[in-house]
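Trainee: So that we are looking at the same thing, I have put the structure below in structure tokens.
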Amino acid sequence: MSRPLTPDDLYALTWIEDPRISPDGTRIAFVRLEIDREGYESKRSIWTIPAAGGAPRQFTAGPKDSAPRWSPDGRTVAFLRAPAGEVKPKNKEEREQGVGRPQLWLIPADGGEARQLTHLRHGAGAAVWSPDGKTILFSARTGEPDDAEAEDAALASKSLPKVRTISELWNKLDGVGYIYELRAHLFTVPAEGGEPNEPKQLTDGDWDDGEPAWSPDGARIAFTSDRSAERWRWPAAQVWTVDAHGGEPRRLIDEALGSSAPSWSPDGKTVAFLGQPRRGEFGHTDLYVVAADGEPGGATMLTQDFVPVCDDRCIDDQRDHAPIHLEWSPDSRAIYFLGSLRGTTHVYAAKPEGGLLPRRVTEGDRHVYAFSLDRAGHTLALGVSDPAIPGDLYAQSLGENGANGQQGGEQGGEQGPRRLTNLNESLLSEVELARQEEFTFTGSDGWELQGWVMRPPRAKAAELAPAVLEIHGGPAYMYGCTFFLEFQLLAAKGYAVIFSNPRGGTGYGRTFTHAVTGDWGNKDYQDIMAGLDAAIARGGIDANRLGVAGGSYGGYMTNWIVGHTDRFKAAVTMRCVSNFATMFGMSDIGWGLAVDEWQAAPWEDLNKLMDRSPITYVANIHTPLLILHSDNDLRCPLGEAQQLFSALKYLGRQTKLVVFEGQSHGLSRGGHPRSRVLRLKEIENWFEKYIPVG
């Protein structure tokens, strides 16, 4: 007999990350993530599995191994390894050797002892093999800390409070911390090892260089870097190339365009990349190509009339979004990428010369969150989730036509994906999961919008269930066909969960995404409430027992809703925005949010910012409000929660503030396991207190 899902079941879940298929298409290396319940520690190890199916085999011991990358001949796998626990250098020599930092390691593909390849002070990034397999390219941080004396004191187990001297506007990044001290640059190192084996630094300067990619002949390297005068004010990297031996880099695209994921065509003539304007159009990413030898500014957009966003923008609470990348067919006639459309994320293929819209390669109501392609272009390795699968490994054959970059209809020759793993079979066989019901409804301006209801799995047809309205963050993301533990837990408790994609989200075209610019709390609010009404109209929901919850932008909207209606019996706001004026100077992106989104700095038009700030309407909040926030959240700083809590307590309202120490904005997806579980329990308990199911 099945049992209800509980927050503690998070400890029993296992996930797959970063699937990488071998060059010959016969094996897939992937990262297996699981949680050590006793130590409350996330553990990662690398496993392999035959692409045709079979038993997975543990390849590295872990517990902090990641980023597996096959050598071109398939005989060796490079990966990143960090030590278990918190390891700190004991002296300057250990510090220079990068003790405690992630370093590059190599291991024979058929098994054997792993050997360490780098010993860099600040650690190394993921490996990129040269076409001949002799050299490994990577990005790594360089530079000295702001307060060297304080860092030296730590080597002697002394503690000195650091003094920071900050001179740039963009100086911190959520999930990372302060970023003004060190700079990332490109390095190469011989793959064979031996002594001496010091990496060679290829780039330098007061900017960050990353996402390197070899040209097919191994002569040049494409990478991203923002070397413009605007880089510390409106950061946006461009595509550059540099000789493989170093030298003066050459910029390929205009500085008005931000880019990521550069990838060379196999014929060496073209570099594909993902991009969006530096200013004013955040959220909708497009696919571009540029001639590898062309003049700067000559990039061509391939997805002007393409509705999906060229990125994985499907939100869940199982994983952080993986770094995006592109893959080419071997004949240079197709570019493969992840695209998000109407609640699904799939692999798409685009023709580099344009003319036809990209075609979808994978199918179904699912969330493809990672992929890789073998060298012949025959087989895809896929990381897949859906409402009943937290994340498993699949393989899909593209056939001969797929390898040749064919487009359209049945020409691709694809076969359905083959499931290779079922990592959570034991747990999921014990519990009863809720199913998603998709519906469409009419929002503001008569727009047709998409939503879902997840009903309690044990609900009786004649019963009216209380419901929780969930609102996604971003706003330039989307809810969809993926596993969402928080939703499943609420359903297991007896709540219906209602969620939708209002304007401002992604997956419905660029006009849809940009429709909330300077207009938060207006038509998006109307869309969300229209989705709620449409879900209630479908039946089975008690309209008098409603809750509302959301995080980030969803936290903003939760605050806005309870300040404008008393319709809800309880609310939970997470990592929220409450005051656009204070966000300007405190958030890692606050000035951009104010100026690009609202066209107003606080001293220029404070009224505009405050008019759409939930804190302005705090006296109208009578709904019991639980506030969940992380003290290391640099995206929506803790002060956003504190001022809301203080105002509500001063007014004598029902509220509680729960602060998660040492956690960042992404707590729900990648935070400390115990903090994630306690967060889920707080949500459950709050709704049970104010909206009892029985």
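Trainee: What is the gain in length, in nm to one decimal, between Asn171 and Glu425 on full extension, counting 0.36 nm per residue of separation less the C-alpha to C-alpha distance? It would help to have the intermediate numbers written out before the result.
Mentor: On the way: separation 254, 0.36 × 254 = 91.44 nm, distance 4.43 nm.
Separation in residues times 0.36 nm, less the Cα-Cα distance, equals 87.0 nm.
Trainee: If each of Gln642 and Arg342 carries a label point 7 Å out from its Cα toward its Cβ, how far apart are those two points in nm?
Mentor: In this crude label model, Gln642 to Arg342 measures out at 4.7 nm.
Trainee: Given region 14-159, what whole percent of its Cα pairs are spread farther than 22 Å?
Mentor: Numbers: 4850 of 10585 pairs.
Here the tail beyond 22 Å accounts for 46 percent of pairs.
Trainee: Report the local net charge at Glu682: Lys and Arg +1, Asp and Glu -1, summed over other residues whose C-beta lies under 12 Å from its C-beta.
Mentor: Working: positive: Lys656, Arg676, Arg679, Lys681, Lys689; negative: Glu486, Glu684, Glu688.
Here the charged neighbours net out to +2.
Trainee: Could you work out how far helix 673-690 tilts from the main Cα principal axis of the chain, as a 0 to 90 degree angle to the nearest 10?
Mentor: 20
Trainee: At a Förster radius of 22 Å, what calculated FRET efficiency corresponds to the Cβ-Cβ distance of Thr142 and Asp243, to the nearest 0.05? Walk me through the numbers on the way to the answer.
Mentor: Numbers: r = 20 Å, r/R0 = 0.89.
Once rounded, the FRET efficiency stands at 0.65.
Trainee: Between Asn620 and Asp204, take the C-beta separation as r, use R0 = 35 Å, and let me know the FRET efficiency to the nearest 0.05.
Mentor: 0.05
Trainee: Checking the cross-link filter: which lysines have an alpha carbon closer than 27 Å to that of Lys493, excluding same-chain neighbours under 8 positions apart?
Mentor: Lys460, Lys569, Lys656, Lys681, Lys689
Trainee: Taking Cα centroids, how far is region 594-619 from region 83-142 in Å?
Mentor: 46
Trainee: Then there is this: For region 419-439 and region 230-295, what is the separation of their C-alpha centers, rounded to whole Å?
Mentor: Rounded to whole Å, the Cα centres lie 40 Å apart.
Trainee: Another question, then. Starting from 0.36 nm per residue, how many nanometres of slack lie between Thr565 and Val659 once their C-alpha separation is accounted for?
Mentor: Details: separation 94, 0.36 × 94 = 33.84 nm, distance 2.63 nm.
Separation in residues times 0.36 nm, less the Cα-Cα distance, equals 31.2 nm.
Trainee: Still on this structure, I have one more. Net charge near Gly123: determine it from the other residues with C-beta under 11 Å of the C-beta of Gly123, scoring Lys and Arg +1 and Asp and Glu -1. Show your work: numbers first, answer last.
Mentor: Values: positive: Arg81, Arg101, Arg121, Arg141; negative: none.
With Lys, Arg at +1 and Asp, Glu at -1, the neighbours total +4.
Trainee: When only alpha-carbon atoms are used, what values of Rg and Dmax, in angstrom, describe region 91-146?
Mentor: When restricted to the Cα atoms of region 91-146, Rg and Dmax are 13.1, 44 Å.
Trainee: Measuring from label point to label point, each 7 Å out along Cα→Cβ, what is the Glu604 to Val163 span in nm?
Mentor: Going by the 7 Å Cα→Cβ label model, 3.6 nm.
Trainee: Given Cα positions, please report Rg to Rh for the chain, the hydrodynamic radius being the Kirkwood one.
Mentor: 0.95
Trainee: While we're here: Given q = 0.10 Å⁻¹, what are the Debye log10 I(q)/I(0) values for region 249-384, with equal point scatterers placed on the Cα positions and solvent ignored?
Mentor: Scattering profile of region 249-384, log10 relative to I(0): -0.31.
Trainee: Would you mind calculating the gained length between Thr300 and Arg435 on full extension (0.36 nm times residue separation, minus the Cα-Cα distance), in nm to one decimal?
Mentor: Values: separation 135, 0.36 × 135 = 48.60 nm, distance 4.20 nm.
Extra length available between Thr300 and Arg435 comes to 44.4 nm.
Since every read-out is calculated from the coordinates, none of them should be taken as a lab result. Quantities reported herein were computed from a predicted structural model and do not represent experimental measurements. When we count neighbours, we look across all protein chains shown, and the Cβ atoms used for this are built from the backbone with ideal geometry, even at glycine.
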